[in-house]
Amino acid sequence: MKTVINPKETSRRDAFARWMSSPMPMVTVVKTIDVTKAVKYCKKHGKSFNMLMCWCIGKAASGINEFYYLPVEDKMYRFDEIAIGPVVKNKEGGINFCDIPYHEDLEQFDAEYRENTTKVASRCENLYLEDKMMVIGTSAIIQMELDCIVNQYVKGFNNPMVIWGKYRKGWLKTTLPVSFQFHHVQMDGEHVVTFLKRLQETINGIGKSR
């Protein structure tokens, strides 16, 4: 559910007053994470690496209150649920957007990820949940190893965005630079640090009892 709330009654009241009128309120942080266990898990269980990254992002974000806020124009919204929005290559060679509800259960999320991304790719139609859930956008450019990606700022899409390229195989571990873009009204650097730490912890815990 999407609800309009009074920003003065939230922990983001000062940030809303300070940065809501900023012409460039988005901030990008880049962090290299260890995805060794994620890659091994995907190979062992026949899972998509990008799907697993999306699930890990949802799990890491779901426990952070600020991810449920969304500043748009002069309003602040609060959501009850989180969705992950991967960019999908369609059958015509273009792209579409596909929002997938986050589920704690990995198998349920995987099933909906495969079903929805396949449907979007074949129909060349977007699947949006932005009026119902807080969408964390993602984009994977897996054709090349990338050091950093800074996304464009599109006024009206103030949602957080996580982007990555091809992971890097080493002798002992596999790493992946991740770019995380967020609206400064929504969160501060401390929340970003918490999110990235939880993302790494979630990846490290893949395969253990959940």
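Observations
- To the nearest 10, the accessible area of LYS31 is 100 Å² with a 1.4 Å probe.
- Rounded to the nearest 0.05, the FRET efficiency derived from the C-beta distance between LYS132 and ASP105 at R0 = 25 Å is 0.80.
- Alpha-carbon centroid distance for the pair the stretch 1-72 / the stretch 95-136, whole angstrom: 16
- Using a probe of 1.4 angstrom and keeping all protein chains present, the accessible surface of the stretch 1-87 works out to 49 square angstrom per residue.
- Contour minus Cα-Cα distance for ARG114 and ASP147 (0.36 nm per residue): 9.1 nm
- Choice from GLN181, GLN108, GLN152 with maximal GNM fluctuation in the chain (Cα, 10 Å cutoff): GLN152
- Under-5 Å amide H pairs with GLN186, H placed in peptide plane, nonlocal only: none
- Choice from SER62, SER22, SER179 with maximal GNM fluctuation in the chain (Cα, 10 Å cutoff): SER22
- The fraction of accessible area contributed by carbon and sulfur in the stretch 84-152 is 49 percent, rounded to a whole number (1.4 Å probe; ligands and nucleic acids excluded).
- Positive contributions from Lys and Arg (+1) and negative ones from Asp and Glu (-1), summed over other residues with Cβ under 14 Å from the Cβ of LEU70, come out at -2.
- If you plug the beta carbon distance of LYS91 and LYS208 into 1/(1 + (r/R0)^6) with R0 = 45 Å, you get a FRET efficiency near 0.75.
- Count Lys and Arg as plus one, Asp and Glu as minus one, and take only other residues whose Cβ is under 10 Å from that of MET133; the net charge is then -3.
- Cut-off under 5 Å, modelled amide H: who pairs with LEU127 long-range: PHE97, CYS98, ASP99
- Amide H contacts for TYR102 (H built 1.01 Å from N in the peptide plane; partners 5 or more residues away or on another chain; cut-off under 5 Å): ILE82, ALA83, ILE84.
- Net charge contributed by nearby residues that have their C-beta within less than 15 Å of ASN96 (K/R +1, D/E -1): -1
The values are calculated or read from the model by the stated rules, or taken from the named source; none is laboratory data. None of these values were measured; they are calculated from a predicted model. Positions of Cβ are generated from backbone atoms using ideal geometry, with glycine treated the same way; all protein chains shown enter the neighbour counts. To get the accessible areas, we keep the full protein, side chains included, count just its heavy atoms, and leave off ligands, DNA and RNA. Shrake-Rupley method; radii C 1.70, N 1.55, O 1.52, S 1.80 Å.
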